[in-house]
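Below: the structure, in structure tokens.
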Amino acid sequence: MSDKSLKDQIDESAAPLIEHLKELRTRLLYAIAAFFVGFILCFSFATQIFNFLVVPYTIAASWLDMDMDKIRFVYTAPQEFFFTQIKIAAFGSLVLAFPVIATQIYRFVAPGLYSNEKSAFLPFLIATPVLFLIGAALVYFLIIPMAMWFFLSLEQPASAGQVAIENLPKVSEYLSLIMTLIFAFGLVFQLPVAMTLLGKAGIISSAALIDKRKYAIVLAFIAAAILTPPDPLTQLGLAIPTLLLYELSIYLVKRVERDRPSYDDDDEEDGLGDTPASLEEKS
């Protein structure tokens, strides 16, 4: 092979790589722009968003017949609430920009997929944000109110022989708790998507998931103990949905296995599965 032909091959292989890098840069710029616009928008309404996130706390307080006028949040450093607003803006912008980010990822990957792979991938792209929002809604409407009810019930009024013990939550700590729980539940609710994709790839099987069910139960409660506050209600609130999602994953992987074409049958139809003896009989 001459030096000239070798150089031509290198140039031809480098050209597609440069085009892919340009395409990647374009998709990243769109994703960053969407995040930036979402950040500015959410930062403009950061106080209103925080007040919205406080609603579960007020629900828990109402369960205990607390005086709503006495509910207050504090910050103990001059810059604390400002940085809390920045966290709110970043958190909100991720949620708002996710459809754009996911679309850019899909458009970057789609040209390398077959038409049947595109049609198989699209439902997972839609299911991912839907399942995340379901997990976030479970946190907002059930888990946080139950957790706050448990913690607020520990307050102690002042009386003869005992001092008053009052809960004064910090804005940054409350936001960190809510964000941690939303991300934890949102990620856990992606379990059916992840397992189904692994099942389609042939990496896992429904039989293996059933066989490892006892380990999944233990891991679900360990994860709940790590990711949630140390109260039993919140931990059960994460562990039980995780186990239900695991069972749903088994069902979905079974469907994938049932719908998967049988390559052995196809091979037999094409004559690829014939043994020498069967070929001799056919001849």
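What follows draws every value from the coordinates through simple rules; no lab data is involved. Since this is a predicted model, take the numbers as computed values, not measurements. Every residue, glycine among them, receives a Cβ derived from its backbone with ideal geometry; neighbour counts consider all protein chains shown.
General observations
- If R0 is taken as 41 Å, the Cβ-Cβ distance between E166 and E19 corresponds to a FRET efficiency of 0.05.
- Distance (nanometres) between label positions extended 7 Å along Cα→Cβ at S62 and Q156: 3.0
- Placing a label point 7 Å from the Cα of T180 along the Cα-to-Cβ direction, the residues of the range 138-165 whose backbone N falls under 19 Å of that point are 138-154.
- Cβ-Cβ distance of D259 and L133, R₀ of 22 Å, FRET efficiency by 1/(1 + (r/R0)^6): the value works out to about 0.20.
- Over the range 117-169: Rg over Rh, Cα atoms, Kirkwood Rh: 1.45
- The Cα center of the range 128-147 and the Cα center of the range 29-90 differ in position by 17 Å.
- Listed by Cβ neighbour count within 10 Å, with the fewest neighbours leading, M68, M148, M179 appear as M68, M179, M148.
- Near A220: Cβ cut-off under 15 Å, other residues only, Lys/Arg at +1 and Asp/Glu at -1. The net charge is +2.
- Listing R27, R213 from fewest to most neighbouring C-beta atoms within 10 Å gives R213, R27.
- For the chain, the equivalent ellipsoid derived from the Cα gyration tensor has semi-axes of 51, 30, 14 Å, listed largest first.
- Per-selection Kirkwood Rh - the range 5-148 (Cα, Å, 1 d.p.): 19.1
- FRET efficiency, 1/(1 + (r/R0)^6) with R0 51 Å, evaluated for T103 and Y215 via beta carbons: 0.90
- Normalised by the number of residues in the chain, the average gap of Cα pairs under 8 Å and 6 or more apart makes the relative contact order 19 percent.
- Modelled spin labels at S115 and Y30, positioned 7 Å past Cα toward Cβ, are 2.3 nm from each other.
- Restricting the GluC sites (Glu not before Pro) of the range 155-184 to loop positions (DSSP other than H, G, I, E, B) with no more than 12 neighbouring Cβ atoms within 10 Å leaves E155, E166.
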